[in-house]
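Comments concern the structure below.
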Amino acid sequence: MTVLFLAPYPADESPSQRYRFEHYLPYLEREGISYGYRPFLSLRGWKIIFSKGKLLQKAAAILVGFVRRWLLMFTIGKYDYVFIHR
């Protein structure tokens with residue numbers, strides 16, 4: 001079984017993700033369940049979004065997130081389940 005986790009932020013950066021599903025990931029691996037983790041924002045984008053100013057870089061980070069999600073549509077068929085965090 002393979003599960004895809006779609007999250008808004010990179011791993012280990014947002015408390016909402018850590019408490020809802022990230023802390024379960026080692027248990028899934030131990031039970032033989034493989035998973036993919038695809039955040040909307042990259043770590044670089046995450047750091048830019050919450051900084052002051054940098055409007056063009058913020059817009060670029062969001063645009064890259066949309067492109068990554070669009071490209072994901074072509075590989076989503078290899079997963080058995082998809083978990084969407086907000």
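The values are calculated or read from the model by the stated rules, or taken from the named source; none is laboratory data. Here the structure is a predicted model, which is why all the values come from computation and not from measurement. Reconstructed Cβ throughout: ideal geometry from the backbone, glycine too, with neighbour counts over all protein chains shown. Please note that ligands, DNA and RNA were not included when accessible areas were found on the heavy atoms of the full protein model with its side chains. Shrake-Rupley method; radii C 1.70, N 1.55, O 1.52, S 1.80 Å.
Computed values, structure above
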| quantity | calculated |
| --- | --- |
| Failed item in (1) farther than 14 Å from Met1 by Cβ; (2) out of contact with any Phe, Trp or Tyr (no Cβ under 9 Å at 6 or more places or on another chain); (3) among the aromatic types (Phe, Trp, Tyr); (4) at pLDDT below 95, with Tyr27 passing the rest | (1) |
| Search result, residues across the range 1-37 that are in contact with a helix residue (DSSP H, G or I) (Cβ under 9 Å, 6 or more places away or on another chain) and buried (at least 16 other Cβ atoms within 10 Å of the Cβ) | Val3, Leu4, Phe5, Leu6, Ala7, Pro8, Tyr9, Pro10, Glu13, Ser14, Tyr35, Tyr37 |
| Failed condition for Ser51, given (1) more than 15 Å from Ala7 (Cα to Cα); (2) at pLDDT 90 or above; (3) not aliphatic (A, V, I, L, M) | (2) |
| Every pair of residues 6+ apart whose Cβ atoms lie under 8 Å, when the first sits in the range 1-23 and is farther than 21 Å from Ile33 by Cβ while the second is surrounded by fewer than 17 Cβ atoms within 10 Å (Cβ to Cβ) | Pro8/His85; Pro8/Arg86; Pro10/Ser42; Pro10/Leu43; Glu13/Leu43; Ser14/Pro8; Ser16/His85; Ser16/Arg86 |
| Tyr19 being hydroxyl-bearing (Ser, Thr, Tyr) and assigned to a helix (DSSP H, G or I) | yes |
| Residue satisfying all of: in the range 46-85; touching a residue at least 60 places away in the same chain (Cβ under 8 Å) and not in a helix (DSSP H, G or I); most open to solvent (accessible area, probe 1.4 Å) among these | Tyr81 |
